[in-house]
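Worksheet for the structure shown next.
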């Protein structure tokens, strides 16, 4: 919650200038993101981006075809997005009030983590029905600070920015199977690349994106986030979708050459409740 309080102040500032018409999102020339990098560190390459009228896409997941997107503010709905056109394909009600700070796809269902109540929900992606729920490691804290989620094919991985820890969880009951300290100061977004068996972690204070070996917590590589408030993360092939304060970025975390795309995203605001 401590980081979210800071973001809440920014929300008040942004909401005063946010346009009221339907959202239109256009990708930009990726090129280099050097301007966003702190001195002395390399920036992640930007393949494209999607500016948003609403703030903090805390939950980002990829199901092999579509992106799933949940906002921390403004709405409790979870949106299924076509990554080619950035158009909304489907949306479902979230498990509770706005405050989702992590999403993961397990092959058939969605998992959503609520930052304030410290609960991780398993959701039916067709209608949002809660299929099960487990406590996050910080559930019993007065301020849980529960954030990123990822699924490795068997287990859930969870980022807790209050304790600055990464946890491996049993999805059946939430039991902690393994854990290690986050390399930064604010473990927020989390994703898992099955083909490489690595985690990708966003740090909301250092503004860094880390590639981590989940077996020992060691950093494989890192690069500077596209902007100042990286949160939700999801792998898509060799690229990473990164939710930031008011933008969804497609990043090349390996600094490879990637094609840039132009996206339009219309009608998203109409789905908000």
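Between residue 131 and residue 181, the simple spin-label model (points 7 angstrom out along Cα→Cβ) gives 3.7 nm.
Spin-label model, residue 65 to residue 141: label points 7 Å out along the Cα-to-beta-carbon direction sit 3.8 nm apart. At full extension, residue 108 and residue 197 could sit 30.1 nm farther apart than now, given 0.36 nm per residue minus the alpha carbon distance. Label-to-label distance, residue 173 versus residue 85, with points set 7 angstrom from Cα along the beta-carbon direction: 4.7 nm.
Readers should treat all values here as calculations from the given coordinates under stated rules, not as data from a laboratory. None of the values given here were measured: they were computed from a predicted structure. Virtual Cβ from ideal backbone geometry, glycine too; neighbours counted across all protein chains shown.
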